[in-house]
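> Mind having a look at this structure? Questions to follow.
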């Protein structure tokens with residue numbers, strides 16, 4: 001990609017409007033000072049003392065965080081929450097990053113999905129300990145499903161793209177019920193808004209949409225056992241999986257392959273888009289979500305699939321250098337990284 005073409009695509013981000021639908025989690029972080037340990041009067045067990053805490057939007061919230069950092073025009077959240085304190089903290093965090101939460105569906109019979117992460121701080125040494133997860137284990141109430149569908153149809157008229165992130169394995173216990181998936185296929189087919197889907201466990205359930213997942217997820221979805229395959233063989237098998245799952249579809253399919261970059265299926269052929277390789281160390285937490293943000297912004301700005309994959313690689317290469325946090329990348333960060341890469345390849 002030429003610097004002129006890069007600037008052309010990046011310069012259109014100002015006009016992009018995106019809705020993010022799916023599994024928004026509250027990331028609740030407790031930092032425990034071990035020097036303050038107290039015995040519980042009731043049980044005699046250690047009562048850990050919280051020195052500070054953070055509450056941040058996670059999972060699909062990582063995508064909205066990156067969209068906000070990239071400075072797009074409008075961001076909408078389509079989420080399912082409970083009627084609880086976790087919902088208050090999640091919505092507060094989303095609004096603080098400029099996300100419109102008017103399409104969030106709250107329901108008293110469900111939990112707000114939450115990852116509670118605890119960190120021990122003992123004599124200056126930090127250690128992450130057991131995580132406590134709150135997830136819904138019962139099917140999504142039909143009333144909530146109807147409201148989600150109505151909100152998707154309303155958002156279709158207001159946005160350039162709808163990014164869907166499914167983190168939950170139990171397909172009927174989150175947003176993406178069969179009826180919601182059918183609604184997304186209809187929206188995508190009408191073409192008013194692009195629909196991009198990243199599903200950790202159920203990517204094969206979605207049809208007539210732009211898909212993105214990592215190499216392990218696509219191999220699993222295609223029923224290909226690559227556990228004993230070497231790196232080169234595994235990379236080749238990803239191409240086989242793309243053809244098996246995406247052949248005949250007019251919509252591109254993106255498979256992220258770590259440090260190798262993206263393999264992209266479009267118009268019946270697989271194209272490879274190499275990753276950027278910044279100096280380490282790396283923290284890959286949230287890399288796939290930040291790549292999805294870059295992909296969606298570029299596609300909504302007129303990029304071809306391979307060009308969009310370049311933007312996805314670029315954003316992820318910036319966020320993985322942010323250690324201990326789920327990183328974000330600004331447009332200025334992206335422009336600097338692209339310029340550095342062009343200079344490196346010319347030298």
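The values are calculated or read from the model by the stated rules, or taken from the named source; none is laboratory data. It should be emphasised that the depicted structure is a prediction, and the values quoted were computed from it without experimental measurement. Quick reminder, even Gly has a Cβ in these numbers, built from the backbone with ideal geometry, and neighbours come from all protein chains shown.
> What number of residues in the range 150-166 are crowded, with 19+ Cβ neighbours inside 10 Å and either touching a helix residue (DSSP H, G or I) at 6+ places or on another chain (Cβ under 9 Å) or within 22 Å of residue 295 (Cβ to Cβ) (or both)? Please lay out each step first, then the result.
In the first step, residues of the range 150-166 are kept if they are crowded, with 19+ Cβ neighbours inside 10 Å; the result is 151-152, 155-156, 159-166.
Those left that are additionally either touching a helix residue (DSSP H, G or I) at 6+ places or on another chain (Cβ under 9 Å) or within 22 Å of residue 295 (Cβ to Cβ) (or both): 152, 155-156, 159-166.
Total meeting the criteria: 11.
> Can you tell which of 323, 284 is loosely packed, with under 15 Cβ neighbours inside 10 Å, closer than 28 Å to residue 19 by Cβ and at pLDDT below 95? So that I can check it myself, show each step before the final result.
Numbers: 323 fails: closer than 28 Å to residue 19 by Cβ.
Just a single option satisfies the conditions, and that option is 284.
> Which residue out of 61, 98, 108 is touching a residue at least 12 places away in the same chain (Cβ under 8 Å), in contact with a helix residue (DSSP H, G or I) (Cβ under 8 Å, 6 or more places away or on another chain) and in a loop (DSSP other than H, G, I, E, B)?
On the way: 61 fails: in a loop (DSSP other than H, G, I, E, B); 108 fails: in contact with a helix residue (DSSP H, G or I) (Cβ under 8 Å, 6 or more places away or on another chain).
When all the criteria are applied, what remains is 98.
> So the check is Cβ under 6 Å with 6+ separation or different chains; which pairs have a first residue in the range 332-345 that's on the phi > 0 side of the Ramachandran plot and at pLDDT 70 or above and a second one that's assigned to a helix (DSSP H, G or I) and surrounded by fewer than 12 Cβ atoms within 10 Å (Cβ to Cβ)?
none
> Would you check which residues across the range 137-154 are in contact (Cβ under 8 Å) with a residue 40 or more places away in the chain and not in a helix (DSSP H, G or I) and list them? Give the steps one after another, and end with the answer.
Taking the range 137-154 first, the residues in contact (Cβ under 8 Å) with a residue 40 or more places away in the chain are 140, 144, 147-148, 151-152, 154.
140 - this is the single residue of the range 137-154 that is in contact (Cβ under 8 Å) with a residue 40 or more places away in the chain and not in a helix (DSSP H, G or I).
> State whether the residues of the range 64-72 include one that is in contact with a helix residue (DSSP H, G or I) (Cβ under 6 Å, 6 or more places away or on another chain), under 27 Å from residue 157 (Cα atoms) and in a helix (DSSP H, G or I).
Filtering the range 64-72 for residues in contact with a helix residue (DSSP H, G or I) (Cβ under 6 Å, 6 or more places away or on another chain) gives 66-67, 70-72.
Remaining after also requiring under 27 Å from residue 157 (Cα atoms): 66-67, 70-72.
Retained after the next criterion (residues that are in a helix (DSSP H, G or I)): 66-67.
Scanning the range 64-72 turns up at least one residue that is in contact with a helix residue (DSSP H, G or I) (Cβ under 6 Å, 6 or more places away or on another chain), under 27 Å from residue 157 (Cα atoms) and in a helix (DSSP H, G or I).
> Filtering the range 174-201 down to residues that are in a loop (DSSP other than H, G, I, E, B) and touching a helix residue (DSSP H, G or I) at 6+ places or on another chain (Cβ under 8 Å), which residue is farthest from residue 218 (Cα to Cα)? Walk me through how you get there before you give the answer.
Restricting attention to the range 174-201, the residues satisfying the condition of being in a loop (DSSP other than H, G, I, E, B) are 174-177, 191-193, 200-201.
Checking the rest, the ones that are also touching a helix residue (DSSP H, G or I) at 6+ places or on another chain (Cβ under 8 Å) come to 175-177, 192-193, 200-201.
Working: 175: 21, 176: 18, 177: 20, 192: 27, 193: 24, 200: 9, 201: 9 Å.
Residue satisfying both the conditions and the ranking: 192.
> Taking only pairs six or more apart or across chains, which ones have beta-carbon atoms under 7 Å, a first residue in the range 224-246 that is in a helix (DSSP H, G or I), and a second residue that is exposed (fewer than 15 other Cβ atoms within 10 Å of the Cβ) and modelled with pLDDT under 95?
Within 7 Å, the pairs are 237/229.
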